[in-house]
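**Q** I have a structure here, written as structure tokens, and I will follow up with some questions on it.
Here, each number is a calculation from the coordinates, and none is a lab measurement. The shown structure was predicted, so the numbers you read here are calculated from the model rather than taken from an experiment. No Cβ is skipped: glycine too gets one built from the backbone with ideal geometry, and neighbour counts run over all protein chains shown.
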Amino acid sequence: MGSTSDYYQTGTEIVVGGGTVSPVKVYATQGDPGEELKNVKSVSAGSYHSCAILLDGSVHCWGGNMYGGLGNGESGFFSYYVPVAVPLVSSVKEVALGDWHTCALQDDGEVYCWGYNNRGQLGIGDDVVENFNPTPTKVSGLTDEVKKVISITAGHQHTCALFDNGTVKCWGGDTDGALADSDNDDTDKYSPVYVLGMGSVESFSAGENFTCVLLTLDDQRAYCWGANDRGQLGNGGDPFGQIEGLDNAVSLDTGQSHACALLNGGTLMCWGSDNYGQTGDAGVQGQTEFDLSPVSVLNIEGVEQVTTGKIHSCALLLSGDVQCWGHDLEGQLGDGNGEGFALNKLVPSVPIVFVAD
């Protein structure tokens, strides 16, 4: 999910105005200069905050903490300029960030969530008095002696877990059938429920009220379910319908209302909302507002990884360069302009700035 830096998710000591338009270093402490955040294994970003997993398996988060999404036991209308340690979790292998909630997957397969819980996105049951929980709490009903969680993903207000047997469980907001569970009544779920008719899942990604998966069967087929008001299912709106044109996809990622898939061979295809050019086709291959089926991202090749923000997209190339396209009003593209243009325009390559030495 994309974000602005009004809540200091850049992690720098000082943020001028509402955002930064070029990459900046993340510091572990305040000061001039502050101590740089080191020994980082991976970094993830939500709508208003960011988190890093360190090599020792600990988690540190920074940015907006309105509903306790940073996990340090505090909440309120304030932000942390530098990372704060998240207690009660250890040996973390993956974190997933939604709008105002965060979840962490440990090596043992246990999942802990914290932050906003107005739709049950923490998966900690419906007996919680408050609609938020600033302290990491274990999600029940996941790992057992038969299966183990191997990956997690967080959407706007729902969360999903992938098991080593290829099945998926989701919880939280069920708007437009985002959870794809048995009752089919769009009722929020405060505990994990199985996604029906979906097995052999290799990877997945949750957007705003929709979810997409890649299957290990045959030619890496892709499926999406949930909201389709902007064409984000990529299949004409058929629930669980296969997305055509994505043969041999190797990974995918979802934004607010769009998604992108990396294909074998290093090319990209995107679909869904395109009102700011986030599908990367310059508006020449489909609708100007949204693409109902996948379109090729123009002027890019040799892609190693793709990631999507709320209304922008970025790709890491085999050359080590990064290319971004889509909304740039808050400097999301990192090209130093922040012009907010990027309507159907691919942004030139920008250098990577590492948060760890």
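**Q** How far is it, in nm, from the label point at Asn248 to the one at Ser182 when both lie 7 Å from their Cα along the line to the Cβ?
**A** According to this spin-label approximation, the distance is 4.1 nm.
**Q** Pairs Lys41/Lys148; Lys38/Lys138; Lys147/Lys310; Lys38/Lys147; Lys93/Lys310: which are spaced more than 26 Å apart, C-alpha to C-alpha?
**A** Lys38/Lys138; Lys147/Lys310; Lys38/Lys147, as the Cα separations exceed 26 Å there.
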